[in-house]
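Note sheet for the following structure.
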Amino acid sequence: MRGFLNKVVSRSLSVAGKWQHQQLRRLNIHEYQGAGLMGKYGINVPKGVAVASLHHVQKALQYVFPSESELVVKSQVLAGGRGLGKFKNGFQGGVHIVKTDKVEETAGKMLGQILVTKQTGSQGKIVSKVYLCEKLSLVNEMYFAIMLDRTTAGPLIIACKKGGTSIEDLAEKFPDLIIKVPIDVFKGITDEDAVKVVDGLAPKVADRNDSIEQVKKLYKLFCESDCTLLEINPIAETSDKQLVAADAKLNFDDNAAFRQKEIFALRDPTQEDPREVAAAKADLNYIGLDGEIGCMVNGAGLAMATMDIIKLHGGTPANFLDVGGNASEEQVVEAFKILTSDDKVKAILVNIFGGIMKCDVIASGIVNAAKQVALKVPVVVRLEGTNVDQGKRILKESGMALITAEDLDDAAEKAVKASAT
Ligand code: GDP
Ligand code: MN
C-alpha cells in the first residue's frame, strides 16, 4: 500500500499550492545533454560525443578521438545505476572503459538494446545513443548535488568526499561525510558557501580556487536553468589538478517550460512510460502503476479513495487517473484507450461522482471508446450525481456488457472479482 501511494503522493499531489489539474512532471535529460549545458557554463566536462549508430561511432573515432588509446562508452538512458546495470541481451554493465579498437564492438552491444538498472524497473530502458568520452585518469571520485530543499525552502548543495558508487549506501555508512550547505536564493552563492562545499569535497590534488569557481558556476547553471536537481556522481579530480563532472543528472521544473524552451526541447519521450506520454498529450492526470485494475475516476481525492478501497478488497490499481471536473468526451475516450491498451489491466473500474463532471459525458466517452478499441476486459461502472439517469441510459442503450455497481464498496468488490476471473 505505502509503496504505490507514496509514489502517487510524491509525484502528483504534493505540489504545494497546486490544484488537482496540474500534475507534477519534471523534465529529465540525458547525460550528454547535461554535459553540454555544463560545458556552456564553463564547467569542466570530459570531451565527448553522443552517437546513435555504429557508422557514427566510426566517424567519432576518426574525427573526434583520433589520438585516444582508451575511451569511456556510456549508455544513454534516463536512469541511474548504469555502471552496475545489465542488458537484456546478457551484456554486463552500461558504462565501459575500453581500448579504442574495442569501442565499436562495445557500442554494438549497447545500441538498440534494453538496459536494466536498479532505477529502471524490470522492463528496463532502451539505449538509443551511446556517449563516447575521453578517458580521464581519475585520481579521486566525489559526490556533488544541488537540490531544492523543503526545510530551508531553497537550493541546498550536498557534497561528499566519497563518490562514484550509490550515494544512498554512502549516506547510510558514512553520514558524517555528507555535508549540506543551504544557499540563500536571494543573495546567491557566497564565497563562504562555495568554500564550505569545496571543504566537504576535500579534493586531494585539484586547485582550491578553481574548484571554488567550479562550484559557483554549477550553482549559476542550476538557477538560470530552473533545475530542480543537478547531481554529479562522480565529480572527479584528474591528475592534472582539475575538478571534472564525470556524470550528469539534471532535472528541470516543468513550470519553467515557458522560459526554458531550448532545454525542454531536449525531452525524450522514448524513455518515459508510454501510458504517461499518451496521458500527458490528452492533458489527463495519469500515473502508471503496477496493478491489474484500471481506474477511471473524477477528482484526485476520489481517485485516491478508489485506489485505497481496491486495495482493501484485495486488488491492486493499475494507475491513478483523475479525469478532472471538466473533461471532454474526447479526453474520456483517450483515458479509456490508455486503460485498455495496458496488458496488465484485467478489469476496469469507472467511478464517477458527477458534480461539475457530468455522468452523461463520461458515459458517451466510454461508449465511443468501446467503438474504437476492442474491450477485452470486464468494466465495472459506478455513476452517481449530475445527469446520472442520462448516463445510465446511454450505457444501457449501447448494449455494452457492463457490470453496474451501487456504491464504492460494491464497485471495488466487483472489480476485484472481475479481475480475477
Ligand atoms: P552511473 O552508474 O549511471 O551513475 O554512471 P557513471 O557515469 O557514474 O559511470 C559509472 C562509473 O564509471 C563512474 O562511477 C566512474 O567510476 C567510471 N567512469 C566514468 N567516466 C570515467 C572516466 O572518464 N575515467 C575513469 N577512470 N572512470 C570513469
Ligand atoms: Mn554516476
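The table below gives the values:
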quantity: Straight-distance crosslink candidates among lysines, where the alpha carbon sits under 16 Å from Lys99 and sequence neighbours closer than 8 are dropped; calculated: Lys74, Lys109, Lys135
quantity: By average C-beta atoms within 10 angstrom, highest first, the peptides 51-59, 26-34, 106-114; calculated: 26-34, 106-114, 51-59
quantity: Top of Ile356, Ile293, Ile338 by mean-square fluctuation, Gaussian network on the chain, Cα under 10 Å; calculated: Ile356
quantity: Cα gyration tensor of the stretch 154-204 - equivalent ellipsoid semi-axes, whole Å, descending; calculated: 22, 12, 7
quantity: Peptides 217-226, 156-165, 315-324 ordered by average Cβ neighbours within 10 Å, highest first; calculated: 315-324, 156-165, 217-226
quantity: Set of aspartates and glutamates near Lys337 by C-alpha distance (under 17 Å), chain-local residues within fewer than 8 positions excluded; calculated: Asp273, Glu276, Asp283, Glu292, Asp322, Glu329
quantity: Relative contact order %, the chain, counting alpha carbon pairs below 8 Å whose residues are six or more apart; calculated: 13
quantity: Alpha-carbon spread of the chain, three principal axes, descending order, Å; calculated: 77, 49, 39
quantity: Convex hull of the stretch 285-331 built on C-alpha atoms - directionally averaged projected area, nm²; calculated: 3.1
quantity: Listed residues Asp253, Asp343, Asp207, most fluctuating in the chain (Gaussian network, C-alpha, under 10 Å); calculated: Asp343
quantity: Unsatisfied cross-links (Cα-Cα over 29 Å) in the set Lys281/Lys417; Lys88/Lys344; Lys118/Lys161; Lys102/Lys217; Lys216/Lys281; calculated: Lys281/Lys417; Lys102/Lys217; Lys216/Lys281
quantity: Helix-only [θ]222 nm of the chain, DSSP H runs n ≥ 4, -39500 (n - 2.57) each, per residue, nearest 500; calculated: -10000 deg cm²/dmol
quantity: Stretch gain in nm, segment Glu192-Asp149, where the contour uses 0.36 nm per residue and the Cα spacing is subtracted; calculated: 13.5 nm
quantity: log₁₀ of I(q)/I(0) at q = 0.22 Å⁻¹ - the stretch 298-373, Debye sum with one point per alpha carbon; calculated: -1.04
quantity: Full-extension gain in nm, His313 to Ala401, via 0.36 nm per residue minus C-alpha separation; calculated: 29.4 nm
quantity: Listed residues Phe65, Phe186, Phe144, most fluctuating in the chain (Gaussian network, C-alpha, under 10 Å); calculated: Phe186
quantity: Rg followed by Dmax, in Å, when the stretch 257-310 is reduced to its Cα trace; calculated: 14.5, 43
quantity: Under 16 Å from the Cα of Lys358 - lysines, other chains or at least 8 residues apart; calculated: Lys392
quantity: Cα-based convex hull volume of the stretch 134-219 per residue, rounded to whole Å³; calculated: 112
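Quick note: the coordinates plus some simple rules give every number you see, no bench work behind them. Everything numeric here is computed off the predicted structure, so don't read it as measured data. Positions of Cβ are backbone-derived with ideal geometry, glycine not excepted, and every protein chain shown enters the neighbour counts.
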